[in-house]
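Contents: one structure, followed by commentary.
The values are calculated or read from the model by the stated rules, or taken from the named source; none is laboratory data. Predicted model only: the values in this text are computed from it and were never measured. As a convention, Cβ positions derive from the backbone with ideal geometry for all residues, glycine included, and neighbour counts pool all protein chains shown.
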Amino acid sequence: MKISVIIPVYNCAKHLETIIGSLYRSGMRDFETVLVNDGSTDDTDIVLDRLSGQYAELRVIKQENRGVSAARNRGLREAKGDYVFFVDADDSLEPGSLADVNVILENEHPDMLLFGMCFDYYHNGNLYRSDPVVYPRAGVMSTSEWAAELEPLFRTNMLSPVWNKLILRDVIISNNISFREDMIEMEDYLFSVRCLACCHRIHLMDRAVYRYRQAEDERGTFNRLWRIDSLSRYMIPFYEAAEWFDSRHGAPDKVRRIADEIYAMLFREQLRYASPKQIRIAAEDMLSGTRSETIAHADPELYEMLRRRQYTGVWLGRAISRTRHWAAVQVKYRRSLRKTR
């Protein structure tokens, strides 16, 4: 069972050797690596040329900068494997963690294989915290079984990312599934849930395989969200996915509730670093949209403050929360330095 590892690359020259090396140390065999250079402006070209000379299974594709979804779609079109595995260029895999993955694929023939991950937190370039997330169940699950556990799977981060999954390429191609190139946040969740809706058998591995590198600049998600004109309108495809899921499995409420959780999460993140003026803009969009009751249910106190136009109070609460978070990071970072001495 050949695996196509698809890696979108944009200005990640300093991480490329780590991720490529970790693929080979993971124990995975019979795989190709498709790297899509999405218009990088650093030394990515130089590093990719060197790596191409080292690894015969590595293919490099260049395109103008079009974003991570376009790069993943391009890699998917170029992939030749039975399964596809989307990996981010600045992450890595645990050594030996996928030693038996080919045996699982050959014996079980799942439509999708999911595994656990570690979220690695860095400060000043140093790892100070690592949080493993593993679903407390292993083995094959039928459609009825995974559908019953859809919300627990989401809340343990099994659904949202694409980099903790190997997906049968025929599932993607035959159902015409692709990444939405007009979306810049949680587009991987939409891809994952559409793939899952077309799966009959999934296999869960109860081990942390993938190491996800959390960005040190925590304003990244905030900045991306403020490139969205209207968050309430941005959520429309997530609720459309619930209807599409219903057409296949007759269980729309679970996917709708997940969409509600995503909306509440993104809305809070939109306010995290916002100025009082930005908070007013976000509040007006939320209150005039069709899902304001979602925020009212998820965070009644915040909803009431926004409804009463207490924007400065919301801003102050966010500022205090950020300060506490910064202080907690400093404490954990200093403790981690003491442990390594």
Can you name the residue in region 165-190 that is in a loop (DSSP other than H, G, I, E, B) and without any contact (Cβ under 8 Å) to a residue 60 or more places away in the chain and is also nearest to Arg25 (Cα to Cα) among such residues? Ile177
Of those in region 30-60 that are β-branched (Val, Ile, Thr) and closer than 18 Å to Gly75 by Cβ, the residue surrounded by the most Cβ atoms within 10 Å (Cβ to Cβ) is Val36
Residues (more than 9 Å from the chain's Cα centre (by Cα) and at pLDDT 95 or above) located in region 150-171: Lys165, Leu166, Ile167, Leu168, Arg169, Asp170, Val171
For region 191-237, which positions are in a loop (DSSP other than H, G, I, E, B) and surrounded by 20 or more Cβ atoms within 10 Å (Cβ to Cβ)? Met235
Checking the condition in the same structural domain as Arg201 (by TED's automatic domain parsing) and free of Cβ contacts under 8 Å to residues at least 24 places away in the same chain, which residue from Asp131, Asp82 passes? Asp131
Is there a residue in region 113-128 that is touching a His at 6+ places or on another chain (Cβ under 7 Å) and surrounded by 14 or more Cβ atoms within 10 Å (Cβ to Cβ)? yes
Among the residues of region 13-29, are any part of a helix (DSSP H, G or I), more than 23 Å from Arg224 (Cα to Cα), aromatic (Phe, Trp, Tyr) and in contact (Cβ under 8 Å) with a residue 12 or more places away in the chain? yes
